[in-house]
Each structure stands twice: as C-alpha cells, then as structure tokens.
1. Of all residues in the range 191-226, how many are surrounded by fewer than 16 Cβ atoms within 10 Å (Cβ to Cβ), modelled with pLDDT under 95 and either under 17 Å from the mean Cα position of the chain (by Cα) or assigned to a helix (DSSP H, G or I) (or both)?
2. Looking at the structure I just gave you, is L142 outside any loop (DSSP other than H, G, I, E, B) and not small (G, A, S)?
3. Within the range 57-78, is even one residue touching a helix residue (DSSP H, G or I) at 6+ places or on another chain (Cβ under 9 Å), of a type outside the set (V, I, T) and under 13 Å from K206 (Cα atoms)?
4. Return a yes/no flag: does the range 166-175 have any residue that is closer than 22 Å to K206 by Cβ, out of contact with any Leu (no Cβ under 6 Å at 6 or more places or on another chain) and buried (at least 19 other Cβ atoms within 10 Å of the Cβ).
5. From the residues in the range 56-70 that are at pLDDT below 95 and not acidic (D, E), which one is most open to solvent (accessible area, probe 1.4 Å)?
6. Does the range 120-133 include one or more residues that are over 21 Å from L191 (Cβ atoms), modelled with pLDDT under 95 and of a type in the set (K, R)?
7. With (1) outside any strand (DSSP E or B); (2) over 14 Å from A108 (Cβ atoms) as the list, and S3 as the residue in question, which single condition is left unmet?
8. For the range 63-97, how many residues are within 27 Å of V20 (Cα to Cα), of a type in the set (K, R) and in a helix (DSSP H, G or I)?
Amino acid sequence: MISQLVAVPADEVTLVGDLVLPTQARAVVLFAHGSGSSRHSPRNRMVAAELRTAGLGTLLMDLLSEREDIRDALTAEHRFDIPLLGRRLVAAIDWLDGQPEARGLPVALFGASTGAAAALVAAAERPERVLTVVSRGGRPDLAGDALARVRASVLLIVGGRDREVLRLNEEAADMLRAPHSLHVVPGATHLFEEPGALEQVAQTAKEWCVERVRAVRSAREADERR
C-alpha cells in the first residue's frame with residue numbers, strides 16, 4: 001500500500017493531501033470536505049478507511065491553502081465559493097492523471113456539505129474522468145447549472161432527520177439528468193452522529209463505488225471480446 005503526503009498545484013497555490021493507494025487499486029476516491037473542515041475530518045477519514053477495504057484508493061486534501069484557510073476562518077469567504085472549490089477538485093483530478101501509480105484509474109468524488117456541490121461542478125467539468133459522485137449530507141443545490149451537465153452517476157446520502165437538507169437534495173435530484181439515487185439514513189441528523197449512522201454511510205458509499213467500478217470493467221472486457 002502506498003501512503004504519502006502530497007502537494008497538488010492549483011490556482012497558483014499548493015494544496016496538501018493524504019494519498020493512500022492499496023496494491024492494485026481499483027479506483028481513486030477524491031474527497032471534498034465541507035465548509036470549515038479539512039482533510040483531517042474524522043468523518044471523511046472513517047469513510048475513507050472503509051472504502052480502502054474494498055481496494056479503493058483515497059485522496060483526502062485541503063481545498064484551501066494555509067493562508068486562505070486562515071482568512072476563511074475569520075471571514076468565511078471561501079467555504080461557500082463553489083466555483084473556486086470546484087476548480088481545486090478539477091486540478092486534483094488532473095494531478096492524479098500525472099501520477100504513475102494512479103494514472104488511468106477511475107476517479108470517484110466524495111463530497112460532504114458544500115464539498116458535494118464542488119464535486120458536482122468538477123464532475124461536470126471532467127465528464128470523461130469522473131466515474132461517480134457520492135454526497136454525504138451535501139448541498140448539491142449549490143452546484144446550480146452544473147447539475148444538469150453532470151454525466152457521472154450520483155448517490156445522495158442524507159439523514160432522515162436532516163429535513164431541510166433532505167428537501168434541498170430532493171430538489172437537486174430533480175435537476176440531475178445523470179443516473180442518480182437518494183439514500184436516506186433513518187433517524188440520522190446532519191453529521192450522522194447517531195450510533196451506526198456513519199457506518200451506514202460508509203457501507204452504502206463503498207457498495208455504490210464498487211458496483212460502478214465493476215460495471216466499467218465489465219463493459220471494458222465486453223468491448224475487448226468483440
């Protein structure tokens with residue numbers, strides 16, 4: 001298994017990330033954290049660990065530079081800048097293509113809160129590279145017009161007691177033209193802090209990503225037999 005701290009150039013800044021690639025990784029899941037969070041998010045790290053049990057690589061990265069993060073803590077000016085965060089994810093996708101150990105692997109995006117909107121924007125910008133998008137308690141509505149341009153399949157995971165976010169996810173789902181599914185975790189609130197709730201998120205995300213990867217491989221093998 002490869003585990004390393006990486007530096008990703010984007011928008012004339014350098015973003016820090018934690019890249020973990022199991023031997024013979026099947027895909028790479030790029031995480032986009034929510035507002036006010038970072039690559040150290042314990043919830044995303046828990047989900048990432050579960051994904052790696054299925055042979056999926058993970059890249060958890062900060063979407064803001066250290067200076068931007070300090071300013072954002074004071075002003076909150078960057079955490080809702082979805083175009084900026086989307087560009088940062090696009091830069092990370094392009095960076096992965098330049099890494100020998102990750103080149104050619106399918107890329108999945110996992111976004112939490114505002115990070116989900118950024119992930120959808122990035123998926124719309126890189127339709128040939130993004131296999132799927134998973135949103136955890138996300139704000140896909142903030143992706144705006146990009147929703148209709150997403151071609152990757154989308155999984156929206158929302159807590160059953162997170163009623164306002166659930167409503168926003170239902171409205172965003174109506175704007176998606178790509179295949180999508182809305183998974184509601186019964187009794188869960190926005191941060192999935194209830195016993196077993198985050199575990200259900202991780203398991204559902206893993207099964208979804210594995211199935212998407214399997215479908216791509218099956219289609220590729222079928223083409224090779226023709």
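The values are calculated or read from the model by the stated rules, or taken from the named source; none is laboratory data. All of these numbers come straight from a predicted model, not from anything done at the bench. Note that we place each Cβ from the backbone using ideal geometry, even for glycine, and neighbour counts take in every protein chain shown. The accessibility values were calculated without ligands, DNA or RNA, using every heavy atom of the protein model including side chains. Shrake-Rupley method; radii C 1.70, N 1.55, O 1.52, S 1.80 Å.
1. Residues flagged as surrounded by fewer than 16 Cβ atoms within 10 Å (Cβ to Cβ), modelled with pLDDT under 95 and either under 17 Å from the mean Cα position of the chain (by Cα) or assigned to a helix (DSSP H, G or I) (or both) within the range 191-226 amount to 12.
2. When the stated conditions are applied, L142 passes them.
3. yes
4. Within the range 166-175 (the criterion being closer than 22 Å to K206 by Cβ, out of contact with any Leu (no Cβ under 6 Å at 6 or more places or on another chain) and buried (at least 19 other Cβ atoms within 10 Å of the Cβ)), the answer is no, since none of the residues qualifies.
5. By that ranking, first place goes to R67.
6. no
7. Against the list (1) outside any strand (DSSP E or B); (2) over 14 Å from A108 (Cβ atoms), S3 comes up short only on (1).
8. 3
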